[in-house]
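Here, each number is a calculation from the coordinates, and none is a lab measurement. Here the structure is a predicted model, which is why all the values come from computation and not from measurement. As a convention, Cβ positions derive from the backbone with ideal geometry for all residues, glycine included, and neighbour counts pool all protein chains shown.
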Amino acid sequence: MIIDRNKIKEVFQRYVEKYDISDTKIKLKVDHTYRVAALCERIAKSLHLSDADVDIAWTLGMFHDIGRFEQVRRYGTFNDLQSVNHAALSADLLYMDRLVDTFMDLQKTTEQDAKDEKMMEKAIRLHNVFQLPEDLTDRERLFSQILRDADKVDILKVNCDVPMEEIYNVSEEKLRNDGVSKEVMRYALSWQNVDRRFNKTSVDHLIAHICLVFGLVYPESLHIVKEQGYLAKMLHFQSKNPQTLGCLKRLEGCMEQFMKCKDTDFKIIFTDIDGTFINKEKDVMPITKAAVSDFVKSGGELVLCSSRSATGMEVVANQLDVKCCISAFGGALLIDENGEVIYEKGMKQPVAKEVIAYLEQEFPEVTWNIYTSKDWIVKDRDNDIIRHEEDVVKISSTIGTIEDVPEEKMVDKILCITTVEDILNLEMKLQQRFPELHIVKSGDKYLEVNENGVNKGVAVQEMCKKRGISQEQTIGFGDNFNDFEMLHEVGQGITMRSAAEAIKDAMYFITESNNDDGVGRALNRIFGK
């Protein structure tokens, strides 16, 4: 494919002269076109593409918005939802109406040239879609991503160089007083591009443009964003609406963590199990399974963290095609991928006996469970709650008392199960009576009692010490209060959309729920897949 850049620029200039160049919108898109072409070239060169492929990338930048001029002439707006899909219009003008023939001599082409022409049409047609289709060839995906990255990067500049009321077709007063829609903020907190269908307010469009950064694929694109500084200006937009200011502040935190993630060589993933790593059917979902498998096979490690016993976690570990480490009993026991104990800290017998005696006297209706490294002791197996737990973890409990625990053994955990209505009172009373212990909710009806200093964050500390790595090189997933320490000890904490509100309020990355492959989707966003 012969590409004459001078000819393309000359033809483009003649083409846009047919439109009212004094119109701010027309001038905006002329300048945008040249900049996107230059950005496409820069990104392509960073990928060490051939000179011919760099020319193709540059040409895509010149062609991608050719339909914008006709869109403005016909409808007076850049809003596709109120007019026409500008990417499809660009592709139609170029390749169906054959406007492309005025820019390039495509009469004498090789088989590869013909394929590349179709590839270019597809890249232009898809440059504004929310998500690229899965069935693209490697070459189609490459050039589509280069164009999309360049376009997104320059949109940040446009937002800062052009009066925002002109971009968004609203008055400055409205722009500064509008709020942010809940659905738009949901996309932002999950580190995704915003589906434009959910933009309801003028500020939603601003937030959506900021979130374009989350969709950037290539390191050079992120480097350009940092270099230019437009992102920071957009995040500091001077709104008069307190809700909008709060959303922008939170989005700034999200963006800081996102940028840090892209520069971090992650070594370990820590993840809670129930409500996080497995779905409601207790299965590891396909995207999550594939994502952690890829991570481990590329040299990383996975640590399953749960309040379950180590034996009760095996039913989950066995669903994976890679080995993993296990942090059991809420952090009291840490075992490596070969079954060797890295760390253990349990309650001594006298303390555990006091707890059980107190429960029996003050809260006889509470179902208590005693766990050691090998045993699960209950006072009554003929209990719906116990039967449910046995079904979940696929192991059987043993009827007994605290006296059945051998003197030399520590108690790794006491689990209290009660009603939703009574759990807060139980938590308060136990914390008052045993301030030296770590007592925390792990669910609406579940209360964990551990030795002081035991929590899932300890597993992060001990594992990183063992491997000799920084905690900044770790990722953590969780959904409940007993995950809180872990989420703050890791380099990047991520919670689930189904998590407790107090947990979500403290996080800058909220992924989809455990029933929607939240762990896998978040990992794919971090690692650019």
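Things to note:
- Where a label projected 7 Å from the Cα of residue 357 along Cα→Cβ would reach, residues of the range 417-440 with amide N under 18 Å: 430-437
- The alpha-carbon of residue 249 sits under 25 angstrom from the alpha-carbons of these lysines, leaving out residues fewer than 8 places away in its chain: 152, 157, 174, 182, 200, 226, 233, 240, 260, 262, 504.
- Helix 384-393 and the long axis of the chain differ in direction by around 60°, with both axes built from C-alpha atoms.
- Computed E for residue 387/residue 79 - FRET, C-beta separation, R0 56 angstrom, nearest 0.05: 0.45
- Take the Cβ atoms of residue 398 and residue 283, set R0 to 41 Å, and the FRET efficiency comes out at 0.90.
- For the range 174-249 versus the range 303-379, the gap between their alpha-carbon centres in whole angstrom: 43
- The count of lysine pairs in the range 1-112 whose Cα atoms are under 19 Å apart, excluding pairs fewer than 8 places apart on the same chain, comes to 7.
- Which label in (i) 92, 53, 38; (ii) 102, 62, 42; (iii) 79, 58, 39 gives the computed Cα extents along the principal axes in Å: (i)
- Pairwise alpha-carbon distances in the range 1-162 exceed 30 Å for 10% of all pairs.
- If the chain linking residue 186 and residue 137 were pulled fully straight, counting 0.36 nm for each residue of separation and taking away their Cα-Cα distance, it would gain 14.5 nm.
- Cα gyration tensor category, rounded, prolate or oblate, for the range 349-450 with a/c compared to 1.5: oblate
- Distance-filtered residues of the range 13-35 - backbone nitrogen under 14 Å, label point 7 angstrom along residue 97 Cα→Cβ: 15-19
- For the range 410-477 versus the range 85-157, the spacing of their alpha-carbon centroids is 53 Å.
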